[in-house]
Structure formats: structure tokens, C-alpha cells
1. For the range 149-170, which positions are more than 12 Å from the ligand (Cβ to nearest atom) and either within 15 Å of S92 (Cβ to Cβ) or touching a Phe, Trp or Tyr at 6+ places or on another chain (Cβ under 6 Å) (or both)?
2. With a cut-off of at least 1 residues that are touching a residue at least 12 places away in the same chain (Cβ under 8 Å), farther than 30 Å from Q256 by Cα and outside the structural domain of M248 (by TED's automatic domain parsing), name the helices (runs of 4 or more DSSP H) lying wholly within the range 115-200.
3. What residue, among those in the range 61-92 that are polar (S, T, N, Q) and touching a Ser or Thr at 6+ places or on another chain (Cβ under 9 Å), is surrounded by the fewest Cβ atoms within 10 Å (Cβ to Cβ)?
4. Name the residue, out of A127, A144, that is under 21 Å from L8 (Cα atoms), buried (at least 16 other Cβ atoms within 10 Å of the Cβ) and at pLDDT 95 or above.
5. Would the range 69-88 turn up any residue that is within 9 Å of the ligand (Cβ to nearest atom), in a loop (DSSP other than H, G, I, E, B) and either closer than 21 Å to A163 by Cα or not basic (K, R) (or both)?
6. Would you check if I240 is within 22 Å of P117 (Cβ to Cβ) and in contact with a Leu (Cβ under 8 Å, 6 or more places away or on another chain)?
7. Taking helices (runs of 4 or more DSSP H) that do not extend beyond the range 1-68, which have at least 2 residues that are within 14 Å of the ligand (Cβ to nearest atom) and more than 30 Å from L238 (Cα to Cα)?
8. May I ask you to say which residue of K246, K230, K236 is under 19 Å from Q165 (Cα atoms), away from the ligand (no atom under 16 Å from the Cβ), outside the structural domain of R95 (by TED's automatic domain parsing) and at pLDDT 95 or above?
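The values are calculated or read from the model by the stated rules, or taken from the named source; none is laboratory data. Just so it is clear, the model here is predicted, and its values are computed rather than measured. Here the Cβ is made from the backbone with ideal geometry for all residues, glycine too, and neighbour counts use every protein chain on show.
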Amino acid sequence: MKTGVIGLGAMGANMARNLHRAGLLVGVWNRSTRKADAFANETGIKAYPDCASLARASDLLLTCVSRDADLREVVAAASPGLHAGALVVDCSTVRAETAQRIATQLAQDEIDFLDAPVSGGKEGAIAGTLSIMVGGDSEVLNRARPALEAIGQRIVHLGPVGAGQRCKAVNQIMAAGINAAVTEALAFAQAADLPEAALVEVISAGAAGNWFLQHRGLSMLQGHFEPGFKLELHHKDLEIAQAMAKSMDVALPLTQMMLEDYDQLMQAGYGSEDISALFRLKRRT
Ligand code: NAP
């Protein structure tokens, strides 16, 4: 299946590299042409001048852009090039309703759609070991499997279009709690004057160990907050989760606290840093 990738950010560029290694990648498009040109120079894969011409060359179009409005924009731009029987797989994190609306629009032209948000961080995207939460028709998922297997290790079908995004909201609520716990505990550790590498090593191997501590623990203790996963994007995800929670009459007090902390950091100019920049608020100044 000839696959095109739209969005060469921290996640999309690495997914595209793995699709290329699997022999599936036909071309890429990125809003900033600089990134697309660098990708083309690196891989020999064509950087298309617009979404529609990439769509024309693709059987499967994989999108990975920042927000709902960005996704709507790239799908609208690609639509004139999509042929009947083509398949759009979106790996961005957006509202379930956005996924459902796009699926309905595309279906009018006999184009299939899956929401397939991912978890596993930039490291998982590089290694091709992402966990992929899929919403959509199971027969359509079977067609997409070779591409999804090139970028992920665990591909799980959760239900109709939108179910992948609802599952991703659960993931993001959990990630928020883990961030709050790890940054608070490491601020305590720093004040307690413990050896940083030894602390991260021993706790990572025990019952409190987790991906975030393992991959971001030392860097945050050393004051490095390179993304990774941009704080402003997690803020966007928590707003999605909070809106869902309100509609279901569920309370998310921890998510609310994190939204307020992230707001404070974004106002201070740290929105493009990794989510571990929450440590800025927790550490002793
Ligand atoms: P990123 O590094 O900031 O990249 C964002 C990508 O979206 C870039 O290619 C950007 O193009 C493109 N984009 C944004 N707005 C656009 C628009 N209006 N039109 C066209 N392209 C647009 O973000 P990322 O970390 O790869 O995240 C991408 C998605 O995956 C987000 O929804 C995020 O929540 C989700 N996600 C991220 C992670 C993670 O650990 N990073 C993990 C799981 C899921 P430019 O290069 O031109 O800016």
C-alpha cells in the first residue's frame, strides 16, 4: 500500500522513516518546506508540493499534525487528490467528534478513515514501537495493518471511529497524573540531596518505575526540557479530556490542576518545552 505522510514533526517524521524502512513510503508533505526538503535529502523520498498531489500518489494517507483545526485543514487540502477506495489514517490527538466528522465527510467520496492516535513518545516513534489506539471499521483496519505495523508494536481496535481518540484521552489523563507525581517526587529528591542517576536507576526498576521517570527523570533533574512532547500539546489534550468529562458528568480534579500549572508555564513562555518542564514549578528555587 503506497503510503503518504502529512506532518513531519517529532512523531510524524519518525513514523515516516519507519514506513520508508518498510518500503511503504511514497512521499511526504510538511507545512514548513524546510523539514520536508531535509527529509527528502535524507531518504530520497519525494517531498510533494501540496497535500492534494501527495494524496493522488497515495493509497493510504497518514496524518500527524498538532490540533483539530490543523487536521481539518490538511484533510481539506488533501481531499481533491484522494481517490475512491483510498484510506486516511490520523495519528494526531484530536477530539473524537473531529474524527467522526472527517470520517463522515470522506465517506461521501468512498474514502475510508481510521482514528489511530499513538502513545510511546518520540522514542517510541523512532523505535517503531508505538502503542496505537484504533477507531474505525475492522476490515479497514486490516488494510491499514502493514503501515501501522511499521510504526507500532501494539495495535488495538477499540470500536468505531472516535473510539481511538476516547482511549487516547484516558491515556493523557493518566500521563498528567504521572507527570505530577514524578516531578513532585524528584523535586523532593533534589532537596533531600540524593545522587540523581542512582535514584532514577533504583526507582525505575521498582514498583514506582515508569516510562516518564526512565526517559525524562535525569534530564529534568539536570534542568533540560527539550521535547519530547510539547507541554502546549498536552495542555490541548487535557482540554479535550476535560470537555469529555464535563459532558459525562465525571470529575477530573488532577487534570484541572495540571491545566492550571501548564497554563502558568505557557504564560511564562515554556509551552514549546517538554511536559517535564512542570519540574520548573515543583523544584526548590
Ligand atoms: P510537533 O513536533 O509540534 O509537530 C507538529 C506537526 O504538525 C508539524 O509537522 C507541523 O508542521 C504540523 N502542523 C501543525 N499545524 C499545521 C497546520 N495548520 N497545517 C499543516 N501542518 C501543521 O508535534 P508532535 O509531537 O509530532 O505531535 C503531533 C501530534 O501527535 C499531536 O496531536 C500530539 O498531541 C500527538 N502526539 C505527540 C506525542 C509526542 O510525544 N510528541 C506522542 C503522542 C501523540 P510545521 O513543521 O510546519 O510546524
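1. Within the range 149-170, the subset more than 12 Å from the ligand (Cβ to nearest atom) is 149-150, 153-163, 166-167, 170.
Listed by number, the residues that qualify are V161, G162, R166, C167.
2. Numbers: elements: 121-127, 138-151, 163-191.
Output list reads 121-127, 138-151.
3. Going residue by residue through the range 61-92, those that are polar (S, T, N, Q) are 63, 66, 79, 92.
Still in the list and also touching a Ser or Thr at 6+ places or on another chain (Cβ under 9 Å): 63, 66, 92.
Numbers: T63: 24, S66: 17, S92: 27.
Only one residue tops the list, namely S66.
4. Working: A127 fails: buried (at least 16 other Cβ atoms within 10 Å of the Cβ).
That would be A144, the only listed residue that is under 21 Å from L8 (Cα atoms), buried (at least 16 other Cβ atoms within 10 Å of the Cβ) and at pLDDT 95 or above.
5. Scanning the range 69-88 turns up no residue that is within 9 Å of the ligand (Cβ to nearest atom), in a loop (DSSP other than H, G, I, E, B) and either closer than 21 Å to A163 by Cα or not basic (K, R) (or both).
6. On the way: within 22 Å of P117 (Cβ to Cβ): yes; in contact with a Leu (Cβ under 8 Å, 6 or more places away or on another chain): no.
So I240 fails the test.
7. Details: elements: 12-21, 33-43, 51-57.
In the range 1-68, the matching helices (runs of 4 or more DSSP H) lie at 33-43, 51-57.
8. On the way: K230 fails: away from the ligand (no atom under 16 Å from the Cβ); K236 fails: away from the ligand (no atom under 16 Å from the Cβ).
Of the residues listed, the single one that is under 19 Å from Q165 (Cα atoms), away from the ligand (no atom under 16 Å from the Cβ), outside the structural domain of R95 (by TED's automatic domain parsing) and at pLDDT 95 or above is K246.
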